[in-house]
Structures are given as C-alpha cells and as structure tokens.
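Note sheet for the following structure.
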C-alpha cells in the first residue's frame with residue numbers, strides 16, 4: 001500500500017493529501033512533526049528529506065508537483081488552478097520565507113533593522129500576492145456571473161500557503177482584504193474532500209496551522 005509521509009502544517013503536504021483523497025488513491029498516513037523530519041528512518045528514503053513523500057513497494061515519489069502530475073489531467077497547466085499553484089509556489093512561498101526569517105532573527109537576536117526589513121518584505125509580498133489573486137486571477141476567472149472556484153490541487157495549496165503566511169504575521173495580515181479573501185476561502189473549504197480532511201485532522205496534537213480561516217479567530221479566543 002502507498003504510504004504518505006506528511007506534516008499536518010505543511011501546505012504542500014495538504015495539497016497532496018487532498019489530491020490523493022479526492023482521487024480515492026488508497027494510502028495510509030505516516031505523519032511527522034517538523035522536528036522529526038531530519039531523523040525519521042522512512043523519510044530517509046527521500047535524499048532531500050522533504051514532505052510530502054509518497055512511498056510504494058516499488059518507488060519513492062517526491063516533490064509535490066511531480067506527485068500531483070500523475071493524477072492531474074494533461075491540460076491542467078492551462079487551467080486557473082495551475083495559476084493558483086504558481087501564485088502559491090512562488091509569490092506566497094516567498095512571503096512565508098521572509099516572515100519565517102524575520103521571526104527567527106527576532107527570536108534569536110531581538111528586534112533589529114534586519115528582522116524588521118524581513119518582516120516588511122514578507123508583508124509586502126503577501127499583500128501583492130493577495131492583490132494579484134483578487135484583482136486579476138479571480139476577476140479573470142469569475143467574469144461569468146455565478147462562476148465559483150472549484151477546489152483542486154492548486155487552490156488547496158494557495159489556501160494553505162496564505163494561511164501559513166497569516167500565521168507568521170497574524171496582526172499585520174489577518175485583516176488585509178479579509179472580506180474578499182473569505183469568499184475564496186469559503187469556496188475551497190466547502191469542498192467535500194477538504195471538509196473530510198478538516199474533520200479528520202484539525203486539532204490533532206501536532207497540528208497548529210488551521211485548516212479553516214475561521215480558526216484564526218477561534219485561536220484568539222482560546
């Protein structure tokens with residue numbers, strides 16, 4: 001049986017988990033924490049020690065896009081979902097890296113000019129990504145009245161990377177174009193497969209990044 005090695009809080013893991021579940025690919029979970037990845041014996045089969053990794057009896061499949069392409073249609077690259085993927089994988093991922101480094105610098109050495117520069121770069125990159133999503137991609141796609149986003153590999157990754165960025169700088173990002181973004185979030189979150197993932201994995205001991213946007217507000221109240 002296929003074994004999916006993944007981390008609950010990894011956006012790339014979540015997108016592959018959704019894809020395998022949606023296509024009813026039989027597999028079992030092998031869940032790690034970020035801390036366990038460096039030393040786990042099964043993940044060692046992947047030279048990069050990255051998640052997601054899909055193990056089968058005959059193969060070690062790595063890189064979320066390469067895994068996904070086995071299940072996505074041949075013309076997927078022409079779809080709006082592919083554009084969602086590119087936005088997540090390039091722009092939003094860059095914002096996450098800036099914000100992660102800002103937090104790391106601040107934690108280790110205190111607030112500094114360098115940490116503030118990284119923080120602002122992350123905020124700006126996130127906002128530019130959201131602007132592109134709302135003002136261009138969704139306008140282009142939803143030009144026909146009543147058109148809604150169909151949950152797919154790219155939209156799950158985009159949702160998850162946006163959540164990851166927000167979690168790293170919540171005060172600065174949580175309210176940025178909130179009402180418009182919620183429409184996109186709701187359309188992805190209402191997908192039946194994604195709903196099953198929420199029910200199964202939200203709140204597990206090693207899960208800290210919400211699967212739902214509303215959970216950010218719940219965390220504030222907790």
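Below is a table of values for the structure above.
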| item | result |
| --- | --- |
| Lone unmet requirement of (1) in a helix (DSSP H, G or I); (2) surrounded by 13 or more Cβ atoms within 10 Å (Cβ to Cβ); (3) over 15 Å from the mean Cα position of the chain (by Cα) for residue 124 | (2) |
| Conditions (1) in contact with a strand residue (DSSP E or B) (Cβ under 9 Å, 6 or more places away or on another chain); (2) surrounded by fewer than 19 Cβ atoms within 10 Å (Cβ to Cβ); (3) not in a loop (DSSP other than H, G, I, E, B); number of the one not met by residue 108 | (1) |
| Some residue of segment 37-54 being loosely packed, with under 12 Cβ neighbours inside 10 Å, touching a residue at least 24 places away in the same chain (Cβ under 8 Å), assigned to a loop (DSSP other than H, G, I, E, B) and not assigned by TED's automatic domain parsing to the domain that holds residue 137 | no |
| Single unsatisfied condition, residue 28 versus (1) farther than 22 Å from residue 192 by Cβ; (2) part of a strand (DSSP E or B) | (1) |
| Residue in segment 163-172 that is assigned to a helix (DSSP H, G or I) and surrounded by fewer than 14 Cβ atoms within 10 Å (Cβ to Cβ) present | yes |
| Residue match in segment 149-160 (condition: touching a helix residue (DSSP H, G or I) at 6+ places or on another chain (Cβ under 9 Å) and more than 25 Å from residue 80 (Cα to Cα)) | no |
| Test: residue in segment 143-155 that is surrounded by 21 or more Cβ atoms within 10 Å (Cβ to Cβ) and modelled with pLDDT under 95 | yes |
| Residue 52 vs. criteria in contact with a helix residue (DSSP H, G or I) (Cβ under 6 Å, 6 or more places away or on another chain) and over 23 Å from residue 182 (Cβ atoms) | yes |
| Top-ranked residue in segment 56-70 [being under 13 Å from residue 16 (Cα atoms) and touching a helix residue (DSSP H, G or I) at 6+ places or on another chain (Cβ under 7 Å); ranked as surrounded by the fewest Cβ atoms within 10 Å (Cβ to Cβ)] | 61 |
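The values are calculated or read from the model by the stated rules, or taken from the named source; none is laboratory data. Every value quoted in this text rests on a predicted model; they were computed, and no experiment measured them. All Cβ positions, even for glycine, are placed from backbone atoms using ideal geometry, and neighbour counts span all protein chains on display.
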